[in-house]
Amino acid sequence: MIPAFWGFSTAHSEIFRIDGIYLVVNNQMLTRSEALDTSKTLKSRIEQSPLSAEEKTIKLEELKNGLLKSLVQELLLLDRADALGLEPKEKEIEDRLDQIAEKQPELFNSFGEEELQEQLIRDFKKQRVIAHEIESRIRTDEEQLREHCLTELKRLRKIGLSQILFRGTEQEAKRKAMEVKKAFESGTDFESLAIKFSEDPSAAKNNGRLGFFSQGELLQVINDKAFQLNPGEMSSLVASEFGFHLLHVFDEEIPGDINCDKLSLSQKNQYADVVYGKERDLLLQDYVQELWACARIEVKDPFDSGLPSAESLPKVEDSKNPCRVRLGAIRERAMEKAASQSKKQSSR
């Protein structure tokens, strides 16, 4: 599961009147023009994507705020690749260039073969580091698949939802909610409490029951709280534009085609991909943060280029054990986890 990197920076497509080193990460360096071209490429990719205008605005803002962090992370991975001696083979680059020539020939007009080749080498190096240091050590077991299945069932279920609605001030709602909570915990059923306390006019007829709902069919603030509940549980007080709510799940409908104790092969493969991806992302985040804590990072004056200054560089906590990544600590942790999972399986 090595991700494909198809975003190409135009590192040599523009010549700036004044250029210089912008970012230094250990033995890796990036010029201002290279950083600007990378920013333009990423921005163009977002603008040309099928996202909505609102989503594009959000993504562009994230890019603006996170550009320096992204540049540092890329140089960290490239530096680690050099330290490990991870270089792509000439044939691998040639094969990828052939694929681009067949499927995306317009890229050669925009960048040129030499520039594409340089970018492919960088991408291969990053992929090699992730595969060597992270992906090769990840293992998934039956228990992880079952836990994910149960989480998926909870996400896909329909819930039977009741509510008690309070109007007026928040202080009044909290006082009444406390009274309801005491009665509920003492054994009084929620329906009786809804008839007595709810200020929803329909509560007298439906006992506070609103019906069955899937994820996304409720007001977001209600949805988020309600789908955390198991049948028979009551929520804390939830504020919305309609007032203050106590929510209660009186029943649930579970998809009948999923049995977490007897998963089909296709379901196991599907869940394994998700579990693997989550584990990979967590380990990669941990890995990059450790690399960052061990690195020598210097952000030069961007002058009037518009690039972020050193003040915008995110702060990363110092490594508790300096340069532990360079000693293989992340891989050791992954191997310890794999060994632990193996013991669990053998004991069953």
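Any read-out appearing in this document is the output of simple, stated calculations on the displayed coordinates, not a laboratory observation. Just so we're clear, the structure is a prediction, and the values are computed from it rather than from any experiment. Here the Cβ is made from the backbone with ideal geometry for all residues, glycine too, and neighbour counts use every protein chain on show.
Annotations for the structure displayed:
- Residue-level check: of (1) buried (at least 19 other Cβ atoms within 10 Å of the Cβ); (2) out of contact with any helix residue (DSSP H, G or I) (no Cβ under 9 Å at 6 or more places or on another chain); (3) aliphatic (A, V, I, L, M), VAL299 misses just (2).
- Hey, LEU229 of a type in the set (A, V, I, L, M, F, W, C) and closer than 20 Å to GLU147 by Cβ or not: yes
- Residue check, LYS268 surrounded by 12 or more Cβ atoms within 10 Å (Cβ to Cβ) and of a type in the set (Lys, Arg): yes
- Apart from one condition, LYS40 fits all of (1) more than 25 Å from GLN289 (Cα to Cα); (2) free of Cβ contacts under 8 Å to residues at least 24 places away in the same chain; (3) not hydroxyl-bearing (Ser, Thr, Tyr); the exception is (2).
- Test: residue in the range 126-142 that is closer than 30 Å to LEU291 by Cα and free of Cβ contacts under 8 Å to residues at least 24 places away in the same chain: yes
- The criterion of at least 2 residues that are small (Gly, Ala, Ser) and in contact with a strand residue (DSSP E or B) (Cβ under 8 Å, 6 or more places away or on another chain) is met by none of the helices (runs of 4 or more DSSP H) wholly inside the range 20-131.
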